[in-house]
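Just dropping this structure here.
The values are calculated or read from the model by the stated rules, or taken from the named source; none is laboratory data. Because the structure is predicted, anything quoted here is derived from the model rather than measured. Note: ideal-geometry Cβ built from the backbone for every residue, glycine included; neighbour counts use all protein chains shown.
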Amino acid sequence: MQFANQDDTICALSTASGVGALGVIRISGTRSIEIFDGIFSKSISRAGGYTLHYGTIKDGEEIIDDVMVSLFRNPKSFTGEDTVELSCHGSPYIEARILQLLVEKGCRMAEPGEFSMRAFANGKMDLSQAEAIADLIASSSQAAHKLAVNQMRGKFSSKINKLRADLIHFASLIELELDFSEEDVEFANRDELRQLVLSIREVVTDLMQSFAAGNAIKNGVPVAILGAPNMGKSTLLNALLKDDRAIVSAIAGTTRDTIEDETTLGGVRFRFIDTAGIRETADEIETIGIARAYEQAGKASIILYLFDAAESEAEEVRAILQKLREQVGEAPEIIPIANKIDKSDALPTLTKKFAGIDGTRFISAEKGDGMDSLEEALVNAKRMKRSTVRSAAFKAKSQATSSPSISAGRFTTWARSPARSQQMICWGIFFRSFVLGSE
């Protein structure tokens, strides 16, 4: 988006449109105080920053509303410019009249995101923090809120800045070796160089994983509910949502398309997807529904596979889970769920029956038995996904550190061979362009 003249003084309604107790209008720019004085009952031109003022908004002799005004002087404001924020009564008519008066006096209506853009342009925040503002406003769960707050306070930016500093350091060490590659001198400590590369790789891996995790937190962790017809998938969806969202029937194949809805468990937002029952069928519409079920399973972070606790056999369930794993890959976490325990044998007998299937949860979606345990498993599965990636990165780092293939002597031989020297030159050019190009 290309914004209009940045020298303009802008105004906009900062609160949601519609009727409410209060409405907040923000004015920012070099003429904000001068323009506001033209419609306010008293002058604030000599007032200090961070002060509150009570008065009335007037259009000539007509009183529009009584307001409370907050004054922020540059550079100590959100945008880094002189800023006036006024709180009026939340009538759409009053808000529109005040904005009309401001425009008549010389303001321009702000474009979407223009206040944040000016804050970025004036060095009040970086792009990551500016993006976090929208995420904070849209946060609908504790996890999404925490993520946005951390990003807005610069936690993500500090990681990027540290990564950039490490890359610059790495590039400088490589360039030093290239400059004196013909000399019998080692300027870069081999252990330090190796540890630096491993550290950079670990940070990049963590950032890549954090993107996927952050995206899931903001949009809801996708959870696909799979199983054969009449396993209680729709009943489970309703139980998780605590609402009759899906039609429940004893007739097999009732659900022929995916049904999605969201809820928050343990501070984490989940997006549950009820799918068509998986079975062999000649019905064209049902076949399309089953194909969509597998498609959603492949996209999900977690899969809940339901089976009948009484009717199913352990070997049969294990074979189906193995086939499902082959189809969706290693990424999704699969949680086996033995449903309808209220219509089956005693729980100890069922636990023994399916003891060979790790992580099985025993529930009655209809009666609500075991639902607390399942919800806890969902929240833990989300947390475990992140810690598993970190453990894998640490393991890779430990293995690489102990590897004799990059010892000091062999590194020197590798670096000074003609073919490897060309590779190092290419890497040096890459890091110089990518990391140092903006300096």
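Can you name the residue in the stretch 123-150 that is buried (at least 17 other Cβ atoms within 10 Å of the Cβ) and over 20 Å from Asn219 (Cβ atoms) and is also modelled with the highest pLDDT among such residues?
Out of the qualifying residues, it is Lys124.
Something else: Tell me the residue from Val379, Val389 that is out of contact with any Cys (no Cβ under 8 Å at 6 or more places or on another chain), surrounded by 12 or more Cβ atoms within 10 Å (Cβ to Cβ), farther than 29 Å from Glu311 by Cβ and modelled with pLDDT of 85 or more, please.
None of the others qualify; the one that does is Val379.
Give the stretch 342-382 a look and list any residue that's of a type in the set (A, V, I, L, M), within 21 Å of Gln322 (Cα to Cα) and not in a loop (DSSP other than H, G, I, E, B), or say none.
Leu350, Ala377, Leu378, Ala381, listed by residue number.
Quick one: how many residues across the stretch 68-117 are assigned to a strand (DSSP E or B), of a type in the set (A, V, I, L, M, F, W, C) and either within 23 Å of Ile137 (Cβ to Cβ) or modelled with pLDDT under 95 (or both)?
Matching residues across the stretch 68-117 total 6.
Among the listed residues Ser301, Ser364, Ser312, which satisfies the condition of being without any contact (Cβ under 8 Å) to a residue 40 or more places away in the chain and in contact with a helix residue (DSSP H, G or I) (Cβ under 7 Å, 6 or more places away or on another chain)?
Ser364
Could you check Gly29 against (1) in contact (Cβ under 8 Å) with a residue 60 or more places away in the chain; (2) on the phi < 0 side of the Ramachandran plot and say which number it fails?
Result: Gly29 fails condition (2) only.
Residue-by-condition table, conditions (1) in contact with a helix residue (DSSP H, G or I) (Cβ under 6 Å, 6 or more places away or on another chain); (2) more than 30 Å from Val379 (Cα to Cα):
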| site | (1), (2) |
| --- | --- |
| Glu131 | no, no |
| Ile137 | no, no |
| Ala144 | yes, no |
| Arg153 | no, no |
| Phe170 | yes, yes |
| Ile174 | yes, yes |
| Asp179 | no, yes |
| Leu196 | yes, yes |
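Continuing with the same structure: State which residue is modelled with the lowest pLDDT when the search covers only the stretch 210-257 and only residues that are closer than 19 Å to Lys299 by Cβ, more than 27 Å from the chain's Cα centre (by Cα) and buried (at least 22 other Cβ atoms within 10 Å of the Cβ).
Top of the filtered list is Thr255.
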